[in-house]
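To keep things clear, I will list the structure first and then write my remarks on it.
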Amino acid sequence: MAESEQSVQNDFQELCRYIGLALVTWQRVEELHFHIFGRFLGVPLGQIASSAYHSTESFDARHKMLGRMASYFLNPIPEILPGKTVKQYSRLRSQWQELQKLLKDANSNRNKLAHYTADFDLTNMRIVEGGDVVFDVTPYTLRPGPLNFVSRLEGRTKDKPEHNLGIPELKQYVVKFTQAQQATAAFLLELGKLPAPHAPVEELHLESLDESSPFPEKSPPTDDTPSDS
């Protein structure tokens, strides 16, 4: 193998190494995310919790779900908690808002690792003695696939540095995913120090619903005859 070919091969293997390292680092973030889900609900991380959480395959959708859960669980009922604890939950809400954006941005980069293509460019075309055409080969980078027209419509093209990822950029992804992992673990630790933010849910009795109930009042049908409307 020529020296230039060996260099290209080495670059490709190094690129793949950091893609894999970044993805493995991200998996730890998703595990901790699941732990937060279980903590919000106050349930063990067993088969039922996993079935509910992992039935949604998209992390973006799971993260939106967790954000809506946080809107409820991080706003505790003051009547059942001492004032000091309510203040702790207020600080935790601010911490969650920072974490929520951090994970949203990190997941956007994780999607690039999953969906972009390792590719290279041929540059500096020239004709050498004997009439042969020679190109220089750029190092492999991770970029939107050449047949992905939607990426081009959305402006994700290889001329933009954030969509043309070489080894230095992938190393930074590993660092950023590690930071996201640490921030998620720190939030989970603080969440675990506090009591459940809401009283246990009691059995719902329809007769206790007031006018603010989302269920409209309807008289039960007297028979199976369809109405004239």
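The values are calculated or read from the model by the stated rules, or taken from the named source; none is laboratory data. Since this is a predicted model, take the numbers as computed values, not measurements. A quick note on method: Cβ atoms are made from the backbone with ideal geometry, for glycine too, and the neighbour counts reach across all protein chains shown.
A few remarks follow.
- Evaluation of D105 against (1) more than 30 Å from K160 (Cβ to Cβ); (2) free of Cβ contacts under 8 Å to residues at least 12 places away in the same chain; (3) not β-branched (V, I, T) (one fails), failing number: (1)
- Number of the exception - R39 against (1) under 24 Å from E162 (Cβ atoms); (2) touching a helix residue (DSSP H, G or I) at 6+ places or on another chain (Cβ under 7 Å); (3) of a type outside the set (A, V, I, L, M, F, W, C): (1)
- Close pairs from the range 43-71: first within 21 Å of W26 (Cβ to Cβ), partner at pLDDT 95 or above and of a type in the set (D, E, K, R), Cβ under 6 Å, at least 6 apart: T56/R62
- Filter pass, T123 being touching a Phe, Trp or Tyr at 6+ places or on another chain (Cβ under 7 Å), farther than 30 Å from P195 by Cα and either of a type in the set (K, R) or outside any helix (DSSP H, G or I) (or both): yes
- Test for D121: is it surrounded by fewer than 11 Cβ atoms within 10 Å (Cβ to Cβ) and charged (D, E, K, R): no
- Restricting the range 1-36 to residues that are at pLDDT below 90 and of a type in the set (A, V, I, L, M, F, W, C), the residue that is surrounded by the most Cβ atoms within 10 Å (Cβ to Cβ): V8
- Some residue of the range 187-195 being farther than 17 Å from D105 by Cβ and surrounded by 18 or more Cβ atoms within 10 Å (Cβ to Cβ): yes
- The helices (runs of 4 or more DSSP H) found entirely in the range 1-117 that carry 3 or more residues being touching a Leu at 6+ places or on another chain (Cβ under 8 Å) and of a type in the set (V, I, T) are 3-41.
- When residues of the range 155-170 are limited to those that are of a type in the set (D, E) and in a helix (DSSP H, G or I), the one surrounded by the fewest Cβ atoms within 10 Å (Cβ to Cβ): E162
- Yes/no for V150 being part of a helix (DSSP H, G or I) and touching a residue at least 40 places away in the same chain (Cβ under 8 Å): no
- Applying the criterion of being at pLDDT below 95 and surrounded by 14 or more Cβ atoms within 10 Å (Cβ to Cβ) to the residues of the range 54-74, the residue that is nearest to L99 (Cα to Cα) is A70.
- Test: residue in the range 176-185 that is within 22 Å of the chain's Cα centre (by Cα), outside any loop (DSSP other than H, G, I, E, B) and closer than 17 Å to D11 by Cβ: no
- When Y173, Y140 are checked against the criterion of being farther than 30 Å from M65 by Cα, in contact with a helix residue (DSSP H, G or I) (Cβ under 6 Å, 6 or more places away or on another chain) and buried (at least 17 other Cβ atoms within 10 Å of the Cβ), a single residue qualifies: Y140.
- Members of the range 87-112 found to be hydrophobic (A, V, I, L, M, F, W, C) and at pLDDT 95 or above, listed by number: W96, L99, L102, L103, A106
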